[in-house]
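Visitor: I'd like to ask you about the structure that follows.
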Amino acid sequence: MIVMKPEATEEEIQHVVERVESVGAKAHLSRGEEVTVVGAVGDREHIARLGLEATPGVDRVVPILKPYKLASTQIRHEEPSVFEIGGRRVGGEHFALIAGPCTVESRDQTLETARIVKAGGGSMFRGGAYKPRTSPYAFQGLGRAGLRILAEAKEETGLPIVTELMDARDLEAVVEVADVIQVGARNMQNYALLTEIGRSGKPALIKRGLSSTIEELLMAAEYVLKEGNEKVLLCERGIRTFETAYRFTLDLTAVPVLKELTHLPVIVDPSHAPGRRSLVEPLSLAAAAAGADGIIVEIHPCPEEAICDAAQQLDAHDFERYAGKIEQAAAVAGKSISVAA
């Protein structure tokens with residue numbers, strides 16, 4: 001990490017960037033109100049031999065000890081990152097309430113739910129066109145037809161779309177519709193897929209793997225960040241433990257820990273960990289009060305008729321009340337739900 005002097009000129013900054021890139025490393029600029037930081041990602045020995053400490057405009061060179069460089073607070077330590085996505089802000093004081101069905105089942109079901117999310121003050125609309133299922137015989141999603149329905153929901157409501165990408169071959173089709181590409185827990189360490197998403201420039205929401213550490217989650221984010229895509233949202237969705245009273249253990253300790261380690265926004269999925277509708281709201285409130293930057297929750301107009309994950313989806317017709325309670329819990333942590341300006 002090369003910290004430039006407050007009075008460093010643009011020419012001096014670009015000179016440092018060029019020297020970093022001359023040894024095959026990547027230079028990532030972070031411009032603050034007073035200083036500019038150049039993050040140099042590459043072979044440490046090659047960068048060290050440049051002797052950048054003596055370069056005009058350079059204040060100091062600070063080695064980054066964490067294996068995740070761009071996600072680290074050492075690069076962006078002044079304040080957390082705030083991203084604008086589809087007219088909504090995420091991070092800092094802005095809380096993203098992302099809601100929608102587990103999967104796009106039909107046009108009517110999807111549009112009805114999107115209208116409810118819009119009317120209830122939601123920030124973004126989630127819905128799966130492609131679904132990773134444990135059984136190869138289970139419903140796998142509507143695919144391209146599902147994307148067309150999501151595009152219609154976006155056009156009618158103006159809500160940004162969050163949808164999952166499972167295969168790089170579908171990237172172009174998903175990018176056309178999605179405002180945020182979701183990376184599921186099972187694909188968190190699909191590094192080739194993460195790299196392609198990074199190159200697409202589209203914001204990414206990366207879910208923590210079922211048995212993954214926090215550091216492994218941050219390293220997954222690094223694969224997207226290193227391609228020059230700065231808009232990465234981290235998502236805690238529950239991990240496997242010895243407990244059998246519910247499906248997964250929602251690790252809410254990860255929220256404040258991630259806040260210490262990274263500048264990236266932290267989202268919580270309260271639906272997949274419990275697997276039971278009655279537990280989703282309490283976990284949502286806890287996540288908001290713990291300082292999460294958003295929630296991605298599953299709702300359905302007729303939960304008992306849902307094709308997949310019926311037991312954990314909230315009744316969409318109760319969304320406005322639910323959103324009101326989330327707003328109160330988020331306020332405890334100094335945040336407010338983000339809506340279109």
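Just so you know, all these numbers are worked out from the coordinates, no wet-lab data involved. If you're wondering where the values come from, they're calculated on a predicted model, not measured in any experiment. Glycine also receives a Cβ, built like all others from the backbone with ideal geometry; neighbour counts cover every protein chain displayed.
Visitor: Calculate, in nm to one decimal, what residue 14 and residue 31 gain on full extension: separation in residues at 0.36 nm each, minus their alpha carbon distance.
Guide: 4.9 nm
Visitor: OK, next. First obtain the Kirkwood hydrodynamic radius of the stretch 2-61 from its Cα pairs, then insert it into the Stokes-Einstein equation at 4 °C and 1.567 mPa s, and state the resulting D in µm² per second as a whole number.
Guide: Diffusion coefficient, whole number: 115 µm²/s.
Visitor: Full-extension gain between residue 82 and residue 328, please, as 0.36 nm times their residue separation minus the C-alpha to C-alpha distance.
Guide: Difference between extended and current length: 86.5 nm.
Visitor: Run through the DSSP bridge list for the chain and note the antiparallel percent, rounded to the nearest 5.
Guide: 35
Visitor: Let me ask something additional. Could you order the peptides 89-98, 281-290 from most to least packed, using the average number of other C-beta atoms within 10 Å per residue?
Guide: 89-98, 281-290
Visitor: Scan around residue 58 for amide H atoms under 5 Å from its own, H built in the peptide plane at 1.01 Å from N, and keep only partners 5 or more places away or cross-chain.
Guide: Placed amide hydrogens put 5 under 5 Å from residue 58.
Visitor: So what's the back-of-envelope 222 nm ellipticity for the chain, counting only DSSP H runs of four-plus at -39500 (n - 2.57) apiece and dividing by all residues, rounded to 500?
Guide: So the helix-based figure for the chain works out to -9500 deg cm²/dmol.
Visitor: For the stretch 219-291, with only Lys/Arg (+1) and Asp/Glu (-1) charged at the beta-carbon, what is the dipole magnitude about the Cα centre, in debye rounded to 20?
Guide: That gives a dipole near 240 debye.
Visitor: For the chain, with a Gaussian network of springs between Cα atoms less than 10 Å apart, report the residue from 49, 60, 240 with the top mean-square fluctuation.
Guide: Maximum fluctuation in the GNM of the chain, among the listed residues, is at 49.
Visitor: Distances longer than 24 Å among the Cα atoms of the stretch 83-337: what percent of all pairs is that?
Guide: Within the stretch 83-337, distances greater than 24 Å cover 40 percent of Cα pairs.
Visitor: Using a Gaussian network for the chain with springs between C-alpha atoms less than 10 Å apart, which of these wobbles most: 11, 222, 176?
Guide: Greatest mean-square fluctuation among the candidates belongs to 11.
Visitor: OK, next. Which order, highest average first, do 13-21, 26-34, 303-311, 263-271 follow once you tally other Cβ atoms within 10 Å for each residue and take the mean per peptide?
Guide: 263-271, 13-21, 303-311, 26-34
Visitor: Along each of its three principal axes, how wide is the spread of alpha-carbon positions in the stretch 146-266, in whole angstrom units, largest first?
Guide: 42, 34, 24
Visitor: Relative to the longest principal axis of the C-alpha atoms of the chain, give the angle of the C-alpha long axis of helix 107-119, reported between 0 and 90° and rounded to the nearest 10°.
Guide: It is inclined by approximately 70 degrees.
Visitor: Please sort by residue number the chymotrypsin sites (Phe, Trp or Tyr not before Pro) in the stretch 108-178 whose DSSP state is loop and whose Cβ has at most 11 other Cβ atoms within 10 Å.
Guide: 137
Visitor: Can you tell me which of 149-158, 115-124 comes out highest on packing, and rank the rest after it, using the mean Cβ neighbours within 10 Å?
Guide: For the peptides 149-158, 115-124, the packing ranking is 115-124, 149-158.
Visitor: Using Cα centres only, tell me the gap between the stretch 48-68 and the stretch 149-179 in whole Å.
Guide: Measuring centre to centre over Cα atoms gives 41 Å.
Visitor: For the charge dipole of the stretch 1-132, defined by +1 on Lys and Arg C-beta atoms and -1 on Asp and Glu C-beta atoms about the Cα centroid, which residue among 24, 111, 13 has the Cα displaced farthest towards the positive pole?
Guide: Of the listed residues, the answer is 111.
Visitor: Quick one: helix 277-289 against the long Cα principal axis of the chain, what's the angle to the nearest 10°, folded into 0 to 90?
Guide: Approximately 30 degrees, to the nearest ten.
Visitor: In a Gaussian network model over the chain where Cα atoms closer than 10 Å are linked, find which of 203, 63, 160 has the largest mean-square fluctuation.
Guide: Judging by the Gaussian network model, the answer is 63.
Visitor: Only sites in a loop by DSSP and with at most 15 other Cβ atoms within 10 Å count here; which trypsin sites (Lys or Arg not before Pro) in the stretch 274-334 make the cut?
Guide: Of the trypsin sites (Lys or Arg not before Pro), the ones in loops of the stretch 274-334 whose Cβ has at most 15 other Cβ atoms within 10 Å are 276.
Visitor: List every residue whose amide H lies under 5 Å from the amide H of residue 299, counting only residues 5 or more places away in sequence or on a different chain, with H placed 1.01 Å from N in the peptide plane.
Guide: 100, 102, 314
Visitor: Apply the Karplus parameterisation 6.51 cos²θ - 1.76 cosθ + 1.60, with θ equal to phi minus 60°, to every residue of the stretch 20-31 and state each ³J(HN,Hα) to the nearest whole Hz, in sequence, with x for glycine and proline.
Guide: 4, 6, 5, 9, x, 8, 9, 10, 10, 8, 10, 9
Visitor: Roughly how many debye, to the nearest 20, is the charge dipole of the chain about its Cα centre, given +1 on each Lys and Arg Cβ, -1 on each Asp and Glu Cβ, and no other charges?
Guide: 640
Visitor: A follow-up question, please. Measure nothing fancy, just the Cα-based angle from helix 319-332's long axis to the longest principal axis of the chain, in degrees from 0 to 90, nearest 10.
Guide: With rounding to tens, the tilt is 30 degrees.
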